[in-house]
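Novice: Have a look at this one before I ask anything.
Derivation of every value follows stated rules applied to the coordinates shown; laboratory data play no part. In this text, all values refer to a predicted model and were calculated from it rather than measured experimentally. Backbone-built Cβ (ideal geometry, glycine too); neighbour counts: all protein chains shown.
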Amino acid sequence: KQEVTQIPAALSVPEGENLVLNCSFTDSAIYNLQWFRQDPGKGLTSLLLIQSSQREQTSGRLNASLDKSSGRSTLYIAASQPGDSATYLCAVPSSSNTGKLIFGQGTTLQVKP
Amino acid sequence: SAVISQKPSRDICQRGTSLTIQCQVDSQVTMMFWYRQQPGQSLTLIATANQGSEATYESGFVIDKFPISRPNLTFSTLTVSNMSPEDSSIYLCSATVGEKLFFGSGTQLSVL
């Protein structure tokens, strides 16, 4: 059974710092891995999707990497800003049904001005 | 990409009543999904809704409690029936476009 874990659960950094969020999964046979952002009481916004054949994906100040063999992904945020404050979730499909995602518990990030 | 509109955005309901949540996608999608996020928890899939067939429910969720409709390729509803305080959660609808999963803005439900 696939399990997804995110460390740390919470993170507080001063503005401008570069930071790394971690995601690990127990079953390396994944189709892809997706990173989401969730603002308090809101829905999820898709940030990046990495295919199983890819090593990384970049969007602006965000870079996500994937190491299937070790069951790990990282989300790197460069030059953090207060507007980056949110909960970040990683998720993998439970099977070929890519709409059924197994989510981690999330990392709640606070960027202090 | 897809834009998913969900309503209501929040509601406060009395125990024993039912609430229907509506979800509208700006394009035709084959599968839609309903998730629940209990306070302080991550997301859990309730069911998968395909147009023209009955929804497929995940373990721990039943149709009598969470009936779902999917009348066409852009719309779905989830009803939370006979509510109790334990049903207080954020409910989110979603749809896949390509391999990405897009979400509505969520319905924050509080049951008194």
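Novice: Counting other C-beta atoms within 10 Å, and keeping those with at most 15, which DSSP coil trypsin sites (Lys or Arg not before Pro) do you find in the range A:34-82?
Specialist: Sparse-neighbourhood loop trypsin sites (Lys or Arg not before Pro): A:55, A:61.
Novice: Could I ask something else about it? Rounded to the nearest Å, what's the spacing between the alpha carbon centres of the range A:11-46 and the range A:63-87? Just the number, please.
Specialist: 6 Å
Novice: Just from the alpha-carbon atoms, what are the Rg and Dmax of chain A in angstroms?
Specialist: 13.4, 42
Novice: Within the range B:50-112, which chymotrypsin sites (Phe, Trp or Tyr not before Pro) sit in a loop by DSSP and count at most 10 neighbouring Cβ atoms inside 10 Å?
Specialist: none
Novice: If you don't mind, there's one more thing I want to ask. Which one of A:23, A:2, A:59 is farthest out on the positive end of the charge dipole of the range A:1-106, using unit charges on Cβ (Lys, Arg +1; Asp, Glu -1) and the Cα centre as origin?
Specialist: Selected residue: A:2.
Novice: Using only Cα atoms, what Kirkwood radius does the protein assembly as shown have, in angstroms?
Specialist: Computed over Cα pairs of the protein assembly as shown, the Kirkwood hydrodynamic radius comes out at 18.0 Å.
Novice: Work out how far the C-alpha atoms of the range B:13-99 reach from end to end along every principal axis, then list the three figures in whole Å, largest first.
Specialist: 36, 25, 24
Novice: Something else: Let me spell out the model: positive unit charges on the Cβ of Lys and Arg, negative unit charges on the Cβ of Asp and Glu, origin at the Cα centre of the range B:14-112. What dipole size does that give, in debye rounded to 20?
Specialist: Charge dipole of the range B:14-112: 100 debye, to the nearest 20.
Novice: Separate question: Shielding by partners for B:27-34, please: the mean number of other protein chain Cβ atoms within 10 Å of each residue's Cβ.
Specialist: 1
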